[in-house]
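Have a look at the structure below before the remarks.
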Amino acid sequence: MILNLTDLSDEPLQSQIIRQVRAKVLSGSLKAGDSLPSIRKLASSQKISVITVQRAYEALEREGLIHSRRGKGFFASGINSDTKKEMAELRIQEKIEPIIKNALAEGMSIKEIETLVKELLKSIEG
Amino acid sequence: MWNLFKAEVSYNKWYLFMILAMPLLFAFGMQYGFKLITGVDFFEKYAWSILVGLGSYMFIFIMWQMRHSERRNMQHALLPIPIVDIALARMVFGVLPFAYVLVVLSITHQLLGEIIEVQLYRIFAQLGLLFCGLAFIQLMMDIWSLKTNMNEKNWFLIIGSIGCLIVFISMFAVFEILIPAYRQLFREGEEWMFFLWGLILLTASNFVFVKRSTFLQ
Amino acid sequence: MEDAIQFEKMIKEFSGFKLGPLNFTLEPGKVLGYIGPNGSGKTTTMQCLTGLLRPESGYVKIFGEVNDPNETGWKSKIGYVGDKHVFYENWSCARNLKFVSQFYPSWSDKRAEDLIKRFDLDANKEVAKLSKGNRAKLSLIQALAHDPQLLILDEPMDGLDPVIRSEFTNVLFEVIENEERAIFYSTHITSEIGRLCDELAFLDNGSLKLKTEKETLLEKWRTISFQSTNHDLKLPGVVEQKVSGNEFIIKTQDFESTLTALRELSISDITETRLSIEDIAIHILKGGRNVESL
C-alpha cells in the first residue's frame, strides 16, 4: 500500500492517512478482505510514528472501513453501495459547509451561491 | 578484564616497546662503557641510568596522559563490563611498565654496576614506593572526578573519609616500632613495608574507582 | 512486559543545578522525544540513565533492572550515543568496532558492515582524522550493531549532513518495527523527531514540564481566531491571546474546552488551525509567560 504523505499540508498526517486509506477502500482498490500493512510496517515504510498510524487505523475502524482480527492484523471491510453513498454525502457536506459560510460572511447571497454552484456543475458535466 | 588489558597493551604497543628497549639500551651502554658525559665522576657513572630512567617514565607518562584525554574510563564504563574489572585492568596496565622498568633496571644495575650482591628486598621496596605513587595519582584523579560532579555535602564526606584513610594507613607506621622480629626475617624490613603500603593504596584506589559517582573522565 | 526505562523519584544535584525528581517510564515499542533547551538537563538525564553519573536519590531501572554500573545485564541491552564520542583515537574505525564487538554477545559484523555502507563511512580511516560528523556516524554504528533493545540517543544528529540524517532516521524506523525495541531520543530541534516520536517529554531547567502522547498534544493545541465585542473573555486553556479591535487570535492547550466555552458565549465564525510541535514546545518551555495584548 502506497500513501502520499506530506508535512507541508495543513492537514495533519493522521488525517492524511485516514483520507487516503478511505479513498482506497471506497474506490475498491482495496477490496473486502484485503489485508493492510501492520501498524509498525506502515509506520516504518511511511516514516511516521507508530502512534500516528495507530490512531488513524482506530479512526478507520470506527468508520467501519477496516476491521482487525486478533493476531492477524487489519483488513479492508466490505462496503455496500448505500453506505458508500452515505459516506460520500457526509464528506461533501463537511467540505462545503465552511465554504458556504465563508461566502455568506463575505456578503454573497444564498441565491448567488446557488447559481454559481449550478454553473460549476454544468461546466464539470460538459 | 583481560580483554581491556589486551586492548590497552595493543593500543600502546609502540610506547611499551620503547619502555622495554630502554633498559636494554642502558645495559648495552654500561657494558661497553660509552661515556655520555666525561669529566664529572658522578655523571660518568650514572648518565645512562638517569637517561633511561627518565626516558621510560616519559613514555609511561604519555600513555597515562593519552588514557586520560581519550576518556578511556568513560568508554569502558559504557561497555557491558563490571566497573571492578575496569579498575583492575587499569591497575595492571599502570603497574606493569613501572614494575618492568624497575626490575630490569635494578637487575642490570646489580649485574653490571658496582653492587654485586643481589638484594631482592630492595626491588620490592622500590616497587612498593612506585605503587604508592601510582595509587596516589589514581586516587587523586578519582577524587577530582568526584569533586566535579558532587554537591557540597557529599564532597565533604569524601574528603572526610580520605582523611580517615590516611590516618589509618599512617598507623601502619606504628608497626615499625613493633618489628624487631620482622627485621630478623627481612633485613631492613621497613623498606619492604612500602610494598605492602603500595598494595593497600592500590586496593583503596580501586575501591574508590568502583564507588565513583561519575565516569565522565 | 517490563518498562524499557523507569525513572523513580530520581534526583541529581550539582552545586547550583538540580535535575528532577524525575518520574516517568518508557514502554517497549515506543519512541520518546526528550525535548528541552540547552542546559535544561537532557545530557545529565542521559548520563544518569547510562550509569555514567550516579543520582543522589531515587533510581533508574532499565528493563526492570536497576542500572548499577557493576552489573552488565542492562548494559548489554542498551545502545548509547552520547554528547561525546569516545574511541581509541589512533585506531581505525574498523579496529574500534572490533574492540567493542567482543563485549556484546548479540553483536553482528554483518549489521555493522551494512551500517558502514549506509552511513557512507570509511572504516579504514583513523578515528583521530575523522570529522565531527563521521565520529557521530561511528558512534551510531557502534550503538546499533549489537541490536540493542533500548536506544539512548543524545542529540545524535549533531554534525550530520541531510543525506545521512535521512538515512539515520530510516534506520531508527527499522529499529522500531520490532515492538520490543524502544528509543529515548533527546534533542532541542523538534523538527528532527516530529515524525518519529510516539511520546514527547518536555524538560526545562531540570524539571519535567509535561509528558504526553504526540497525537494528543497535536489535537489539543490550536490557534483559534474569532470576533467578539466582549473584550473581557475568560476562556479556559488559553496560553496566548492577541486582540486587535474586535478580532481575537488565541492559542489554546485544550481545544475542546475552549471551543465549548466559545459556543456558550455564542461566538461563531471560528477558524482554527493546528500548531507545530515546535510552536507547542516553545509555549510549554516558556511556561505561559506571554499572554499579550496588541
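Please list 3J(HN,Hα) in residue order for the stretch C:225-233, calculated via the Karplus relation 6.51 cos²θ - 1.76 cosθ + 1.60 where θ = phi - 60°; whole Hz, with x for glycine and proline.
Each residue's phi maps through the Karplus curve to give 10, 7, 10, 7, 7, 6, 8, 9, 7 Hz.
Using a 10 Å cut-off around each Cβ, can you sort C:81, C:171 from fewest to most neighbouring Cβ atoms? Can you show the working numbers first?
Values: C:81 23, C:171 17.
Lowest count first: C:171, C:81.
Just to be sure I understand: with springs between alpha-carbon atoms less than 10 Å apart, which residue in C:16, C:237, C:51 has the highest mean-square fluctuation in the Gaussian network model of chain C?
C:16
Taking amide H positions as placed in the peptide plane 1.01 Å from N, state which residues far from residue C:30 in sequence (5 or more) or on other chains have amide H under 5 Å from it.
Result for residue C:30 returns C:183.
Go through A:29-35, A:106-112 and give me the packing order, highest mean Cβ count within 10 Å leading. Intermediate values should be presented prior to the final figure.
Numbers: A:29-35: 13.6, A:106-112: 9.6.
The densest-packed peptide leads the list: A:29-35, A:106-112.
Can you classify the stretch C:1-94 as rounded, prolate or oblate using the Cα gyration tensor, where a ≥ b ≥ c are the square roots of its eigenvalues, rounded means a/c under 1.5, and otherwise it's prolate if a/b beats b/c and oblate if not?
oblate
Each residue of the stretch C:253-262 in order: what ³J(HN,Hα) in whole Hz does its phi give by Karplus 6.51 cos²θ - 1.76 cosθ + 1.60, θ = phi - 60°, with x for Gly and Pro?
Running phi through 6.51 cos²θ - 1.76 cosθ + 1.60 with θ = phi - 60° gives 9, 9, 3, 3, 6, 5, 4, 4, 4, 5 Hz.
Under 26 Å Cα-Cα from residue C:220, which lysines qualify once same-chain neighbours fewer than 8 residues away are excluded?
Qualifying lysines at Cα under 26 Å: A:47, A:95, A:101, C:30, C:42, C:209, C:211, C:234, C:242, C:251, C:286.
Once a ≥ b ≥ c are taken as the square roots of the eigenvalues of the Cα gyration tensor of the stretch A:81-125, is the result rounded (a/c under 1.5), prolate (a/b larger than b/c) or oblate (a/b not larger than b/c)? Walk me through the intermediate numbers first.
Numbers: a/c = 3.56, a/b = 1.54, b/c = 2.31.
The shape class here is oblate.
May I ask you to list the trypsin sites (Lys or Arg not before Pro) in the stretch C:226-274 that are in a DSSP loop and have at most 12 other Cβ atoms within 10 Å of their Cβ?
Working: sites: C:234, C:242, C:251, C:263, C:274; in loops: C:234.
Taking the stretch C:226-274 and a limit of 12 other Cβ atoms within 10 Å, the loop trypsin sites (Lys or Arg not before Pro) found are C:234.
Go ahead and estimate [θ] at 222 nm for chain C from helices alone: -39,500 (n - 2.57) per DSSP H run with n ≥ 4, summed, over the residue count, rounded to 500.
-8500 deg cm²/dmol
If you take the Cα Rg of the stretch C:217-286 and divide it by 2.2 N^0.38 Å, with N the number of residues, what do you get?
On the way: Rg = 11.6 Å, N = 70, 2.2 N^0.38 = 11.1 Å.
Cα-based Rg divided by the globular estimate yields 1.05.
Please list the non-local residues whose amide H lies under 5 Å from the amide H of residue C:203, H modeled 1.01 Å from N, same-chain partners needing a gap of 5 or more.
C:35, C:36, C:209
Among A:17, B:162, A:2, C:78, what is the fewest-to-most ranking by other Cβ atoms within 10 Å? Walk me through the numbers on the way to the answer.
Values: A:17 22, B:162 15, A:2 7, C:78 25.
Lowest count first: A:2, B:162, A:17, C:78.
As a quick test, which of the pairs A:41/C:125; A:72/C:117; C:61/C:84 have an alpha carbon distance above 25 angstrom in this structure?
Numbers: A:41/C:125 36 Å; A:72/C:117 35 Å; C:61/C:84 23 Å.
Checking Cα-Cα distances, A:41/C:125; A:72/C:117 exceed 25 Å.
Show me the trypsin sites (Lys or Arg not before Pro) within the stretch C:70-163 that DSSP assigns to loop and that have at most 16 other Cβ atoms within 10 Å of their Cβ.
Numbers: sites: C:75, C:77, C:84, C:95, C:98, C:110, C:111, C:117, C:118, C:125, C:129, C:132, C:135, C:137; in loops: C:84, C:125.
Taking the stretch C:70-163 and a limit of 16 other Cβ atoms within 10 Å, the loop trypsin sites (Lys or Arg not before Pro) found are C:84, C:125.
Please compute, for peptide C:215-221, the average count of beta-carbon atoms on other protein chains lying within 10 Å of each residue's beta-carbon. Before the final figure, lay out each step's value.
On the way: counts 9, 2, 0, 5, 3, 0, 0.
For peptide C:215-221, the averaged partner shielding equals 3.
Is there a simple number for the mean count of other chain Cβ atoms within 10 Å of the Cβ of residues in C:200-206, and what is it?
On the way: counts 0, 0, 0, 0, 0, 0, 0.
The mean count of partner-chain Cβ atoms within 10 Å per residue comes to 0.
How many partner chain Cβ atoms sit within 10 Å of a residue's Cβ in peptide B:80-90, on average, as a whole number? Intermediate values should be presented prior to the final figure.
Values: counts 12, 6, 6, 6, 2, 2, 2, 0, 0, 0, 0.
That works out to 3 on average.
Which percentage, to the nearest 5, of the DSSP beta bridges contained in chain C is antiparallel?
Details: 37 of 55 bridges.
Taking every DSSP beta bridge within chain C, about 65 percent pair in antiparallel fashion.
GNM on chain C, C-alpha springs below 10 Å: top fluctuator among C:187, C:45, C:229?
Among C:187, C:45, C:229, the largest mean-square fluctuation in the Gaussian network model of chain C belongs to C:229.
Under 5 Å between amide hydrogens, which residues at least 5 positions from residue C:239 or on another chain qualify, with H placed 1.01 Å from N in the peptide plane?
For residue C:239, whose amide H was placed from the backbone, the distant partners under 5 Å are C:251, C:252, C:253.
How do C:25, C:43 line up, fewest other C-beta atoms within 10 Å first?
C:25, C:43
Which shape class, rounded, prolate or oblate, goes with chain C when its Cα gyration tensor gives a ≥ b ≥ c as root eigenvalues, a/c under 1.5 marks rounded, and past that a/b bigger than b/c marks prolate? Present the calculation step by step, with values, prior to reporting the outcome.
Details: a/c = 2.51, a/b = 2.02, b/c = 1.24.
Because a/c hits 1.5 or more and a/b exceeds b/c, chain C counts as prolate.
Kindly write out, for the stretch A:17-23 in residue order, the coupling ³J(HN,Hα) from the Karplus curve 6.51 cos²θ - 1.76 cosθ + 1.60 (θ = phi - 60°), rounded to whole Hz, with x marking Gly and Pro.
Residue by residue, the stretch A:17-23 yields 4, 4, 4, 6, 5, 4, 4 Hz.
Throughout, read-outs are computed from the coordinates displayed, never taken from laboratory work. Everything quoted here is computed from the prediction, not taken from an experiment. Using ideal geometry, Cβ is built from the backbone for each residue, glycine included, and neighbour counts are taken over all protein chains shown.
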